[in-house]
Amino acid sequence: METAEIRQFQMYINGEWTPSESGETFNVVSPATGEILAKLPKGGPEDVKKAVESAVAAQEIIARMPNAKRTELATKVAEAIRANVSDFARDLTLEHGKPIRESIGEVADSAPNVLWQAEDLKRLEAPVLRSYTKPDMMFVMQREPLGTVAVITPWNFPWVMPAEFVVQAMLAGNSVVFKPASTTPISAVHLMECVDQAGVPKGVINLITGPGNTAGMALIEHPMIDGICFTGDTATGEVISKRAGLKKMSLELGGLGPLIIMDDANIEKAVEDIVYGCYTTSGQCCCANERIFVHEKIHRQIVDQLTSRVRELKLGDPLKEDTDMGPMNNEPTVAKVEENVHDAIDKGAKLVAGGRRAQGFPTKLYYPPTVVDNVTPHMQFNYIETFGPVAPIFEFSNLDQAINMANEPRYGLSMAIHTANLKTAFYAAQRLKAGQVNINESVYFWDYHHPWGGFRRSGYGRVAGKWTLESFTELKTININIGRSEFQAGG
Ligand code: NAD
């Protein structure tokens, strides 16, 4: 692997590339090579204050801008992304660790994500109602921007997560302060380059880099922030929801994605969906397949076929085209995977494949695709999000038992069932408590335009499609007395 040069990036405040007030920086270290890739400003409360003040000052500009002009700006951002997919994807792989194939897909996917809501804005509707009690009154509803919003994103999808929110908040008429995760901020800087190139007015979109517990928290608590769109860990979401006060919020949090495989399921398709759901992005996805519930009659077949399929997966240099899995992103995440695997083995589970850090790589973050069998509900896999490349296999004998196990930890982002029987599938879909239930599809699935969000500990609020614009706006009702009673009927 080639040696990367150390680059210096800045924050983006009021349309200017800006260092931190303190002059402090932090390093971004590649999980793939262990080398320092870049230095970024370690933003603190003073920088957050500056960014929020710029955003507040610019909010009227974007709120008054015609939708046609906002759509044009979003289109230019998408064009700038499209023009740089391969360079941005290379940086994404180096700072994140995901294979280059996935990075190219993720960056390329960011453009249509932005464009989706640019289209939705053209058709955003609000109803008109007539009064029930007073015939002269008519109610005209309209959607108004929240004001100035904070967008805080995690490291697992450094392009797609911001591309689902940052430009969309602007499309809805808000000004934005965006804070990305500190292990993957280079992608966020590239998104700001696209925003800058598109000609978004100064102050409408700002970037702050720095630690979550200082820069992130200062943003959450700033009194001039009207709305928060947070994506990240459930524990962080809980802290934020306590500290944010009355600000409008959408919280996109963790998942424990269960897949239920019935004895009439197509085994080959189920195994492919496990592989996709557990090992894409090394399992570091909110809708990853975290738990696999297999009917006792097909348990052995699933484990055997999965184990031989896992042997074909190639762990290695993420910049190589034929690599299936690169390193994981950071040490705490690998340590959590190790903890869940050790806990299960200590409590009697059986390690079938992988299960310890791979040797002979430039960093200690390379963890192989792992299969753990005979997992039971009292093991950590069942209640602590693993967020790594592990397929924990549980066995069940009837559907109700599987549904109860799936629901038990009270996380509800994405769930799935495989069966040939439509009634069984619908019975499960009605009883599984999650924002989405996939039938004969991997747990790991999303699209641009169906409502996305969690039940219970997976958060609240819905995004994607028109729901993103709804979550960045508030409904206002304008009540008009039309004086109709002054006219004679039929006159
Ligand atoms: P995290 O909660 O540690 O960090 C997320 C972001 O919050 C980062 O930018 C971080 O700097 C910031 N942050 C941390 N503490 C903060 C605080 N006290 N105040 C304000 N900001 C703070 O999460 P992570 O490890 O980056 O991401 C992984 C998690 O995100 C997983 O649980 C995953 O399931 C979840 N996720 C959910 C979705 C979804 O759509 N539901 C999508 C992607 C990831």
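The values are calculated or read from the model by the stated rules, or taken from the named source; none is laboratory data. All of these numbers come straight from a predicted model, not from anything done at the bench. Glycine also receives a Cβ, built like all others from the backbone with ideal geometry; neighbour counts cover every protein chain displayed. In case anyone asks, the SASA skips ligands and DNA or RNA and just uses the protein heavy atoms, side chains included. Shrake-Rupley method; radii C 1.70, N 1.55, O 1.52, S 1.80 Å.
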- Task: In nm, give the distance between the simple-model label positions of LEU475 and LYS320, each being 7 Å from the Cα along the Cα-to-Cβ direction.
- Result: 5.6
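Using only DSSP helix segments of four residues or longer, with each worth -39500 (n - 2.57), what per-residue ellipticity at 222 nm results for the chain after dividing by its residue count and rounding to 500?
Working: 14 runs with 179 residues, N = 491.
My calculation for the chain gives -11500 deg cm²/dmol from helical runs alone.
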- Can you give the Kirkwood hydrodynamic radius of region 242-282 from its Cα pairs, in Å with one decimal? 13.6
- With contacts defined as alpha carbon pairs under 8 Å and 6 or more residues apart, what's the relative contact order of the chain in percent? 18
- Return the long-range amide H neighbours of ALA391 (sequence gap of 5 or more, or a different chain), with a cut-off of under 5 Å between placed amide H atoms. THR370, VAL371, VAL372
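Taking square-rooted eigenvalues a ≥ b ≥ c of the alpha carbon gyration tensor, is region 214-332 rounded, prolate or oblate, where a/c under 1.5 means rounded and, failing that, a/b exceeding b/c means prolate?
oblate
Which value, in debye to the nearest 20, gives the size of the charge dipole of region 1-106 about its Cα centre, when Lys and Arg are +1 and Asp and Glu are -1 at the Cβ?
My answer is approximately 360 debye.
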- Item | Neighbourhood net charge (15 Å Cβ-Cβ; Lys/Arg +1, Asp/Glu -1) for ASN404 | +2
- Rounded if a/c is under 1.5, else prolate if a/b is larger than b/c, else oblate: which is region 433-488, with a ≥ b ≥ c the root eigenvalues of its Cα gyration tensor? prolate
- Message: Less than 22 Å apart at the alpha-carbon level, and either on another chain or at least 8 residues along: which lysines does that give for LYS247?
- Response: LYS49, LYS50, LYS179, LYS466, LYS476
- Message: Please compute the contact order of region 1-112 in relative form: average sequence separation of alpha-carbon pairs under 8 Å and at least six residues apart, divided by the residue count, as a percent.
- Response: 24
- Which whole-Hz ³J(HN,Hα) couplings does region 373-386 yield from phi under the Karplus relation 6.51 cos²θ - 1.76 cosθ + 1.60, θ = phi - 60°, glycine and proline marked x? 9, 6, 7, 10, x, 7, 8, 4, 3, 7, 9, 10, 3, 6
- Item | Length gained when the stretch LYS202-ARG311 is fully extended (0.36 nm per residue, less Cα-Cα span) | 34.1 nm
- Most packed first (mean Cβ within 10 Å per residue), the peptides 326-335, 90-99, 244-253 order as 90-99, 326-335, 244-253
- Query: Residues of the chain: accessible area per residue at 1.4 Å, in Å²?
  - Reply: 41
- Message: Using a 7 Å offset from the Cα along the Cα-to-Cβ direction at both GLU238 and ASN404, what is the distance between the two label points in nm, to one decimal?
- Response: 2.5
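If DNA, RNA and ligands are ignored and the probe is 1.4 Å, what is the ranking of HIS342, HIS222 by accessible area, most exposed first?
Result of the area sort, largest leading: HIS342, HIS222.
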- Task: Note down the Stokes-Einstein diffusion coefficient of the chain in µm²/s, whole number, using a Kirkwood radius over alpha carbon pairs, 20 °C, and 1.002 mPa s.
- Result: 90
- In the chain, carbon and sulfur make up what percent of the accessible area (probe 1.4 Å)? 52
- Query: Helix 331-346 versus the longest principal axis of the chain: what angle, 0 to 90°, nearest 10, using Cα atoms?
  - Reply: 50
- Note on the structure: Note, region 206-222: 3J(HN,Hα) by Karplus (6.51, -1.76, 1.60, θ = phi - 60°), whole Hz, Gly/Pro = x, goes 10, 10, 10, 10, x, x, x, 6, 10, 4, x, 5, 4, 5, 4, 8, 5
- Among the lysines, select those whose C-alpha is under 26 Å from the C-alpha of LYS297, and discard any that sit fewer than 8 residues away in the same chain. LYS269, LYS347, LYS350, LYS423, LYS433
- Work through the residues other than TYR366 whose Cβ is under 14 Å from its Cβ and net out their charges, Lys, Arg +1 and Asp, Glu -1. +2
- Message: Through the Karplus equation 6.51 cos²θ - 1.76 cosθ + 1.60, θ set to phi - 60°, convert the phi angles of region 291-296 into ³J(HN,Hα) values in whole Hz; use x for Gly and Pro.
- Response: 9, 10, 9, 10, 4, 4
- Can you tell me which of 124-137, 355-368 comes out highest on packing, and rank the rest after it, using the mean Cβ neighbours within 10 Å? 355-368, 124-137
- What does the charge dipole of the chain about its Cα centre add up to, to the nearest 20 debye, if the Cβ of each Lys and Arg holds +1 and the Cβ of each Asp and Glu holds -1? 1100
- Message: I'd like the per residue volume of the convex hull spanned by the Cα atoms of region 255-397, given in cubic angstrom.
- Response: 99
- Return, for the Cα atoms of region 33-79, the radius of gyration and Dmax in Å, separated by a comma. 16.7, 47
- Item | Distance between modelled label sites at LYS69 and TYR276, nm, 7 Å Cα→Cβ extension | 4.3
- Grab the eigenvalues of the alpha-carbon gyration tensor for region 359-491, scale each by 5, take roots, and send me the semi-axes largest first in whole angstrom. 46, 22, 13
- Message: Let me spell out the model: positive unit charges on the Cβ of Lys and Arg, negative unit charges on the Cβ of Asp and Glu, origin at the Cα centre of region 147-233. What dipole size does that give, in debye rounded to 20?
- Response: 100
- Task: Just add up the charged neighbours of VAL352: K/R +1, D/E -1, any other residue whose Cβ is under 14 Å from the Cβ of VAL352.
- Result: +2
